[in-house]
Amino acid sequence: MKVYGADICIDCRNYKAIREKRGFAAEYIDITESTANLREFLEIRDTDPVFVPVKERGGIGIPLFVREDGVKTLDIDEALAWLGQPPVEEDEM
């Protein structure tokens, strides 16, 4: 799984803390680290329907979770299920 995010985003920091605590592997791509990373994220954001409601609200849409087969979600519990992980516990946030 790939995860697009930015360390300035609280939801992304929460995801990273959960990943570290639980010890599962996933590729994290910080979209603020380079223009190439930002461009890669924006290409997805500009074309994928998963972002329509996010853009309507004026949101960014991170963290974005991308499964190996290309399926995308903005829902952390759905992404965790892809990895066989249980949903986020309240005390993990």
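A few points about this structure:
- Taking every protein chain into account, the 1.4 Å probe leaves Ile62 with about 30 Å² of accessible area, to the nearest ten.
- Rounded to the nearest 10 degrees, the angle from helix 35-47 to the longest Cα principal axis of the chain is 80 degrees.
- Area of Phe24 that stays accessible when all protein chains are in place (1.4 Å probe, Å², to 10): 30 Å²
- Label point distance in nm, Asn14-Glu78, each placed 7 Å from Cα along Cα→Cβ: 1.7 nm
- Over the chain, Cα pairs under 8 Å with separation of 6+ residues give a relative contact order of 31 percent.
- Accessible surface of the chain [probe 1.4 Å, protein heavy atoms]: carbon and sulfur percent: 50 percent
- With 0.36 nm allotted per residue and the present C-alpha distance subtracted, the Thr47-Lys2 stretch has 14.5 nm of extension available.
- Residues Thr32, Thr73, ordered by accessible area of protein heavy atoms at a 1.4 angstrom probe radius and largest first, appear as Thr32, Thr73.
- Loop-located GluC sites (Glu not before Pro) in the chain whose Cβ has at most 10 other Cβ within 10 Å (DSSP): Glu68, Glu89
The values are calculated or read from the model by the stated rules, or taken from the named source; none is laboratory data. The model shown is predicted, which means the values in this text are computed figures rather than measured ones. All Cβ positions, even for glycine, are placed from backbone atoms using ideal geometry, and neighbour counts span all protein chains on display. Note: areas computed on protein heavy atoms with side chains; ligands, DNA, RNA excluded. Shrake-Rupley method; radii C 1.70, N 1.55, O 1.52, S 1.80 Å.
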